[in-house]
Each structure stands twice: as structure tokens, then as C-alpha cells.
Amino acid sequence: MELKTAKVIQNKVLSKNTFLMQLQSIQKMKVYPTQFIFLDTYPYKFLLKPFTIVEYRENILTLIYRTISDGTRFLSTLGKGNIIKFLGPFGNYKKITSLKIKSEDKIALIAGGSGIASIICLYNYFKNFTDNIQIFYGEQTKEYIINLKLFDIKNIVYTTDDGSYGNKGTVVEIFTNRYPLNVPNYVFLCGPVAMIETLYSNLRKFNSTKIYVLLEEYMCCGVGVCRSCIVKVRSKNKSVIKTVCQDGPTFELKNILFD
């Protein structure tokens with residue numbers, strides 16, 4: 001698989017340790033919702049690192065990343081005109097595009113921390129079908145909050161663990177408390193595993209909503225060969241192994257088997 005080339009056209013701070021990067025791809029691509037690319041940050045990181053494609057328009061890839069490693073800190077130093085290599089896009093988008101979303105359907109999108117990148121991607125896709133979309137977005141503190149109005153997003157519920165911005169409490173707590181008052185047809189979430197497990201425990205008694213999770217895992221190959229991003233899921237009353245890169249990143253929450 002040959003590395004592709006892109007040029008940095010924007011790389012700006014959104015909040016604490018959080019950046020928006022736009023790359024102009026030399027090659028034309030077809031990109032679908034929930035797909036991701038691998039960026040090459042060698043020699044700071046030997047393995048390429050996956051990033052959700054927030055938006056793709058006119059050969060411009062928009063990414064959101066948080067500086068938590070040598071590789072992402074290197075990305076934050078890149079300026080307009082710098083060249084970077086990447087692979088992709090990857091990911092099984094058909095789980096999303098095969099959904100029959102109707103205009104009257106209500107959708108709740110839940111993001112914890114850097115999971116907001118995948119949630120913005122889904123918002124951009126689902127707004128083509130319905131206006132009934134609400135985003136629940138949580139961070140530990142206001143320093144990390146991204147102003148989602150910058151992405152033309154409406155109907156946002158912000159939460160912070162310490163109450164420094166928006167509602168006080170975790171995003172799962174706030175969503176769960178409001179759930180019985182406004183039951184959505186679909187729920188999609190992306191964030192830490194602990195957040196996903198808590199939502200599963202809180203909502204497992206409700207059967208009227210389809211709940212999906214977009215998993216984030218360390219990856220190597222992107223095509224399901226190396227098996228570094230496996231997840232256990234329930235299939236026909238037995239446990240099977242799936243890969244997040246090839247079979248995901250989207251899975252129905254009720255089918256995930258937590259260790």
C-alpha cells in the first residue's frame with residue numbers, strides 16, 4: 001500500500017492541547033462517514049497513527065487531534081505548506097450508510113473528550129436526513145471544551161466533570177438523566193471505554209433505541225491483518241473476534257462483550 005501525500009493548509013489551536021488540522025490531498029479520494037486515515041509522524045513514532053476524518057470536501061481533509069504523544073506533538077509544530085504522508089481512508093462505513101434515517105427520526109450523539117471528532121463527522125452526515133439531532137459533549141474541564149458552533153452545529157449540551165462549563169457531571173450522567181424525557185431513535189457515542197461501559201449499564205433496560213458506539217483503538221495495519229485492534233462481540237449467541245479497523249469502528253453497543 002503506497003503512502004499518499006498531503007499539504008498542510010491549516011493547523012490551529014481549538015482548546016487546550018487540541019488542534020484542527022486541514023490537509024490538501026494531492027490524490028483525489030472517496031471518503032465516507034466514520035472513515036479514518038493513518039498519518040506518518042516518523043521518526044517521532046514508528047507506527048502510523050489513525051485519525052478520524054471530520055470532513056472531506058474538495059480534496060481537503062479536516063482532522064481534530066489532541067497532543068498526547070511525541071507523534072501528535074510533532075503534528076502541532078507543522079505549519080502551512082508542510083508536507084505529510086498518509087494512508088487511507090480505512091473503516092467500514094456501510095454500517096452507517098445502510099441506516100434508513102427518516103426526517104422525523106431523533107438522533108443523540110454523545111462525545112467524551114477527543115471522541116468529539118467522530119461525533120462531528122456523524123453530525124455532518126446525519127444532517128442530510130434529519131434536523132432532530134442533539135449533541136452531548138463532555139470534557140473534564142472547560143479548558144478542553146471546543147466551541148462546536150465553529151462547525152455550524154446546533155442543539156448542543158455541554159458538560160464538564162468539575163462544572164466549570166455547561167452542566168456539571170459526566171456526559172453519560174447528563175444524557176441518562178434526560179433520556180426518559182426525550183427518547184431518541186438512535187444513539188451514537190464515542191469516547192473512553194469506561195464511558196461506553198457506563199452508558200451500556202444505564203441504558204440496557206431500554207429497547208426502543210438503537211445504540212451504536214464508535215470504538216477507538218491502537219492500530220497497525222488498517223486492514224484487519226495484524227489483529228492489534230480486536231474487540232469481542234456477540235454474534236448468534238457466541239463470542240467472536242472483530243477488528244476495529246476493518247469491521248468497525250462502528251458496532252452496536254448491545255453486542256460488545258466487555259472483559
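The values are calculated or read from the model by the stated rules, or taken from the named source; none is laboratory data. Note that this is a predicted model, so its numbers are computed, not measured. Here Cβ is always computed from backbone atoms with ideal geometry, including for glycine, and neighbour counts include all displayed protein chains. Just so you know, the surface numbers come from the protein's heavy atoms only, side chains and all, with ligands and any DNA or RNA stripped out. Shrake-Rupley method; radii C 1.70, N 1.55, O 1.52, S 1.80 Å.
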(message) For segment 129-172, what does the relative contact order come out to in percent, with C-alpha contacts under 8 Å and a separation of six or more?
(response) 38
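Carbon and sulfur together cover what percent of the accessible area of segment 149-259 at a 1.4 Å probe radius?
49
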(message) Rounded to the nearest percent, how much of the accessible area of segment 1-76 (1.4 Å probe, protein heavy atoms only) is carbon and sulfur?
(response) 50
(message) Using a probe radius of 1.4 Å on heavy atoms only, what accessible surface per residue do you get for segment 43-148? Whole Å² is fine.
(response) 45
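Normalised by the number of residues in the chain, what is the relative contact order in percent for Cα pairs under 8 Å and 6+ residues apart?
Working: 559 pairs, mean separation 43.5, N = 259.
Taking the mean separation of contacting Cα pairs over the length of the chain, I get 17 percent.
Would you mind getting the accessible area per residue of segment 182-259, heavy atoms of the protein chains only, 1.4 Å probe, in Å²?
Details: 4180 Å² over 78 residues.
Accessible surface, normalised per residue, equals 54 Å².
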(message) Let me test this: with uniform point scatterers at the alpha carbons of segment 105-153, what is the Debye-based log₁₀ I(q)/I(0) at q = 0.18 1/Å?
(response) -0.53
(message) As I understand it, the value is the acute angle between the Cα axis of helix 193-203 and the longest principal axis of the Cα atoms of the chain; what does it come to in degrees, rounded to 10?
(response) 20
(request) Among the lysines, select those whose C-alpha is under 29 Å from the C-alpha of K102, and discard any that sit fewer than 8 residues away in the same chain. (result) K30, K94, K127, K149, K154, K205, K210, K236, K254
(message) Could you tell me which residue out of F86, I96, G112 lies farthest along the dipole of segment 73-113 toward its positive end? Charges go on the beta carbon: Lys and Arg +1, Asp and Glu -1, centred on the Cα centre.
(response) F86
(message) If the only charges are +1 at each Lys and Arg Cβ and -1 at each Asp and Glu Cβ, what is the size of the charge dipole of segment 27-150 around the Cα centre, to the nearest 20 debye?
(response) 260
(request) Could you work out which residue, out of R227, R178, R73, moves most in a Gaussian network model of the chain, that is, has the largest mean-square fluctuation with Cα springs under 10 Å? (result) R178
(message) Quick check: the distance between the Cα centres of segment 216-259 and segment 5-24, to the nearest angstrom?
(response) 29
(message) Can you say what percent of the DSSP beta bridges in the chain, counting only those with both residues inside, are antiparallel? Round to 5.
(response) 65
(request) Would you rank I153, I241 by solvent-accessible area, highest first, keeping every protein chain in place and using a 1.4 Å probe? (result) I241, I153
(request) Treating the angle as unsigned and between 0 and 90°, give the value, to the nearest 10°, between the Cα long axis of helix 116-126 and the longest Cα principal axis of the chain. (result) 70
(message) With a 10 Å cut-off between alpha carbons and a GNM built on the chain, which of F129, F36, F86 moves the most?
(response) F129
(request) Can you tell me the FRET efficiency between S228 and D162 if r is taken as the Cβ-Cβ distance and R0 is 35 Å, rounded to the nearest 0.05? (result) 0.50
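Dividing the alpha-carbon Rg of the chain by 2.2 N^0.38 Å yields what?
Values: Rg = 17.9 Å, N = 259, 2.2 N^0.38 = 18.2 Å.
Against the compact-globule rule of thumb, the ratio is 0.98.
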